[in-house]
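> Here's a structure for you.
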Amino acid sequence: MDALFAPEYEELRSVVSSLAEKQIAPHAADVDQNSRYPIEAAKALQDAGLAAAHVPVEYGGQGADALATVIIIEEVARFCAASSLIPAVNKLGSVPVLLAGNSAQKQKYLTALAKGQGFSYCLSESEAGSDAAAMKTKAVKDGSDWVLSGSKKWISNAGISDFYTVLASTDSSKGAKGISAFIVEKSDSGISFGAPEKKMGFKGSPTREVYFDQVRLPADRLLGTEGAGFSLAMQTLDHTRITIAAQAVGIAQGAFEIAKKYAHERKQFGKEIFDFQAVQFMLANMAMQIAAARQLTYAAAVKSERAEADLTFYSAACKCFATDVAMNVTTDAVQVLGGYGYVNDYPVERMMRDAKLTQIYEGTNQIQRLVMARNLETL
């Protein structure tokens with residue numbers, strides 16, 4: 001755990017925090033209010049090599065390890081959660097390529113990702129959310145090609161990203177063992193996108209349905225081996241749930257900082273509201289919870305980098321704990337600000353709305369508890 005305090009990580013934090021505060025934060029309210037993609041953040045992150053910093057150096061990326069990636073996402077989320085989904089979604093979509101891609105696939109898609117082309121992940125469907133193995137999207141062999149048909153729901157940055165990792169059934173008689181993973185390009189004939197969802201939070205990240213109408217894919221679009229897709233999808237989530245935990249820590253930290261500052265500025269009954277024990281206890285609990293969530297998330301990131309045996313437990317645990325903390329902290333931050341917390345004069349109401357989604361996507365927190373229970377033997 002000494003690595004958590006290595007100077008290079010704190011230097012990275014300082015760089016990302018400065019960039020986010022100067023180039024991303026000024027646009028966060030407008031991005032939310034107008035439900036628009038954060039183009040300023042996308043450009044700033046890409047120019048700084050932070051939009052997909054996890055891509056290995058040999059493919060043009062920064063070669064950032066899991067902990068460094070977590071810190072990038074955390075610091076961006078302090079100011080704009082929607083913008084933090086840019087590096088988070090790019091990692092989610094491309095981890096299957098890192099885990100199962102052949103050398104040609106890695107060279108083509110990771111290089112393009114490092115240059116600024118986005119990568120999304122298509123797993124969920126309208127009738128297959130927590131029960132991902134119940135998916136209906138199919139890929140049928142036709143000569144050496146595959147023909148993909150179906151749809152995917154709740155896809156982050158859909159329509160913005162250039163590439164999509166898509167899970168589809170290639171043999172329905174085998175259930176989860178008959179699911180395979182494919183790379184689909186936005187330019188492929190037959191792919192289209194639904195209207196953006198009207199969401200409570202994360203309004204700057206377009207969430208859309210993706211439709212596949214007889215999309216013909218050459219053989220080299222299959223990721224890994226036929227039938228290994230579901231296992232690959234679960235492996236991917238073991239690594240990427242940690243980025244959602246990081247996002248939650250960042251949201252909570254941002255809300256806490258605003259609440260703490262406000263508590264010193266706001267005066268009632270002739271003194272700062274910070275001087276009242278009730279407010280002190282709220283802030284102390286917020287700080288304690290954030291510190292605990294951050295350490296659990298960082299520990300999970302180190303385990304991700306090392307592919308340790310208890311990664312699945314820690315990945316689920318940090319995602320579940322940190323996102324519950326984010327919901328608690330942002331709710332309390334709104335309470336500390338009182339009426340000002342409930343209106344958009346301050347960003348804590350946006351942070352509270354954003355925090356809610358972190359408890360839902362990449363596996364609901366109820367599912368995370370189930371995952372933890374099934375992996376207790378690894379501890």
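The values are calculated or read from the model by the stated rules, or taken from the named source; none is laboratory data. Because the structure is a prediction, the values reported are computed rather than measured. Cβ sites come from the backbone with ideal geometry, for glycine too, and all protein chains shown count toward neighbours. For accessibility, only protein heavy atoms count, side chains too; no ligands or nucleic acids. Shrake-Rupley method; radii C 1.70, N 1.55, O 1.52, S 1.80 Å.
> Just one of the numbered conditions (1) closer than 29 Å to ALA292 by Cα; (2) part of a loop (DSSP other than H, G, I, E, B); (3) open to solvent by less than 50 Å² (accessible area, probe 1.4 Å) is not true of GLY61; which one?
Here GLY61 clears every test but (1).
> Then there is this: Taking only the range 139-181 into account, find how many residues are under 20 Å from ALA195 (Cβ atoms), open to solvent by 10 Å² or more (accessible area, probe 1.4 Å), outside any loop (DSSP other than H, G, I, E, B) and not hydroxyl-bearing (Ser, Thr, Tyr).
Residues in the range 139-181 being under 20 Å from ALA195 (Cβ atoms), open to solvent by 10 Å² or more (accessible area, probe 1.4 Å), outside any loop (DSSP other than H, G, I, E, B) and not hydroxyl-bearing (Ser, Thr, Tyr): 3 in total.
> Answer yes or no: is there a residue in the range 323-334 that is buried (at least 23 other Cβ atoms within 10 Å of the Cβ), within 25 Å of ARG208 (Cβ to Cβ) and of a type outside the set (D, E, K, R).
yes
> Being at pLDDT 95 or above and either over 30 Å from LYS198 (Cβ atoms) or surrounded by 23 or more Cβ atoms within 10 Å (Cβ to Cβ) (or both) is the requirement here; does HIS27 meet it?
Taking the combined requirement at face value, the residue does not satisfy it.
> Given the conditions (1) open to solvent by less than 50 Å² (accessible area, probe 1.4 Å); (2) closer than 19 Å to PRO38 by Cβ, and given that GLU197 satisfies all but one, which numbered condition is not satisfied?
Among (1) open to solvent by less than 50 Å² (accessible area, probe 1.4 Å); (2) closer than 19 Å to PRO38 by Cβ, GLU197 violates only (1).
> OK, next. Right, PHE256: under 26 Å from ALA133 (Cβ atoms), touching a residue at least 40 places away in the same chain (Cβ under 8 Å), open to solvent by less than 30 Å² (accessible area, probe 1.4 Å) and of a type in the set (Phe, Trp, Tyr) or not? Write out each step before concluding.
Values: under 26 Å from ALA133 (Cβ atoms): no; touching a residue at least 40 places away in the same chain (Cβ under 8 Å): yes; open to solvent by less than 30 Å² (accessible area, probe 1.4 Å): yes; of a type in the set (Phe, Trp, Tyr): yes.
It is false that PHE256 is under 26 Å from ALA133 (Cβ atoms), touching a residue at least 40 places away in the same chain (Cβ under 8 Å), open to solvent by less than 30 Å² (accessible area, probe 1.4 Å) and of a type in the set (Phe, Trp, Tyr).
> Does LYS267 meet the test of being open to solvent by 10 Å² or more (accessible area, probe 1.4 Å), closer than 25 Å to ASP345 by Cα and not hydrophobic (A, V, I, L, M, F, W, C)?
On the way: open to solvent by 10 Å² or more (accessible area, probe 1.4 Å): yes; closer than 25 Å to ASP345 by Cα: yes; not hydrophobic (A, V, I, L, M, F, W, C): yes.
Against the criterion (open to solvent by 10 Å² or more (accessible area, probe 1.4 Å), closer than 25 Å to ASP345 by Cα and not hydrophobic (A, V, I, L, M, F, W, C)), LYS267 qualifies.
> Still on this structure: Run down THR207, THR236, THR243 and say which single residue is open to solvent by less than 20 Å² (accessible area, probe 1.4 Å) and within 18 Å of PHE182 (Cβ to Cβ).
THR236
> Of the residues MET351, MET288, only one is surrounded by 15 or more Cβ atoms within 10 Å (Cβ to Cβ), more than 15 Å from the chain's Cα centre (by Cα) and among the aliphatic types (A, V, I, L, M); which?
The unique qualifying residue is MET351.
> When residues of the range 89-128 are filtered for being touching a strand residue (DSSP E or B) at 6+ places or on another chain (Cβ under 8 Å), small (Gly, Ala, Ser) and not in a helix (DSSP H, G or I), how many remain?
Total meeting the criteria: 5.
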